Amino acid sequence: MPVLYARVPEDRLGVLIGPGGRTKRDLAIRTGTDIEIDTNDGEVRLSGPDSDPMGVLKARDIVLAIGRGFSPERAFRLLKENTFLGILDVKFTTGHREKAALRRIRARAIGTHGQARSRIEELSGCSMSVYGSTVALIGEEEQLERATHAVELLLKGSEHSTVFHYLARARREAALEDATRGSAAPDFEA
């Protein structure tokens, strides 16, 4: 039986458990796992049958996503095929560790009234959460790559407009590539 552990910040435990335990129950049912939460230290133990180790991995990623500030509804996006969680440590990415610098850098990622975060989500296709000293992203592999690069640029001081232009260009190129790939597919309806 595969067993994985995750740690959730104290202020996010209530979100993970949900009203009357609903979120925890829903997560267990949808992933086929058993979930035990130690509310004293925030440790979450996830286990599941040997026949479905992916359920335990998905459940752990959802727990981590909720712990990084995502709502359960957004975290459950990880149940989709080829959807992944990426977490960037602002301290590691920028080298800044003092509180004032972290606050300023987090503010750049969020933007005025959340506009930068919303624009990154819109242009990349990823969901984004800024929590503590981390920026978490949920999306498909290509979306995640584009959003991660964009957030890294932003955290390192690039102008917002430069980052948004990069994302818009990357999205156009991906759409063109998908269209080209689709038209190059053989036609079997002769």
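Values quoted throughout were computed directly from the atomic coordinates according to the rules given, and no laboratory measurement underlies them. As the structure is a computational prediction, the values presented were derived from the model and not from experiment. Virtual Cβ from ideal backbone geometry, glycine too; neighbours counted across all protein chains shown.
Between the residues 78, 57, 147, the greatest Cα displacement towards the positive end of the dipole of the chain, with unit charges on the Cβ of Lys, Arg, Asp and Glu, is found for 147.
FRET efficiency for the residue 22 to residue 118 pair, using the beta carbon distance and R₀ = 30 Å, is estimated at 0.60.
Relative to the current alpha-carbon distance between residue 152 and residue 41, full extension at 0.36 nm per residue lengthens the span by 36.9 nm.
In a reduced charge model with +1 at each Lys and Arg Cβ and -1 at each Asp and Glu Cβ, the chain shows a dipole moment near 960 debye about its Cα centre.
With Cα Rg over 2.2 N^0.38 Å defined as stated, name the option among [x] 0.99; [y] 1.16; [z] 1.40 computed from the structure displayed. Only one option fits the structure, namely [y]. Ranked by how many other Cβ atoms sit within 10 Å of their own Cβ, fewest first, the residues 151, 56 fall in the order 56, 151. Can you list the GluC sites (Glu not before Pro) in the range 118-178 that are in a DSSP coil and have 15 or fewer other beta carbons within 10 angstrom? In loop regions of the range 118-178 (DSSP not H, G, I, E or B), the sparsely surrounded GluC sites (Glu not before Pro) are 159. Within the chain, how many Lys pairs sit with Cα atoms under 21 Å apart, leaving out pairs fewer than 8 places apart on the same chain? Qualifying lysine pairs in the chain: 6.
A DSSP coil position with no more than 16 other Cβ atoms inside 10 Å describes the following GluC sites (Glu not before Pro) in the range 11-94: 81.
Quote to one decimal, in nm, the extra length available between residue 180 and residue 103 on full extension: 0.36 nm per residue of separation minus the C-alpha distance between them.
23.4 nm
Charges were assigned to the Cβ only: +1 to each Lys and Arg, -1 to each Asp and Glu. The resulting dipole of the range 83-182 about its Cα centre is roughly 620 debye.
Rounded to the nearest 500, what is the 222 nm mean residue ellipticity of the chain from helices alone, with -39500 (n - 2.57) per DSSP H run of 4+ residues and division by all residues?
The helix-only estimate for the chain comes to -16000 deg cm²/dmol at 222 nm.
Between the range 11-59 and the range 113-137, the alpha-carbon centres lie 25 Å apart.
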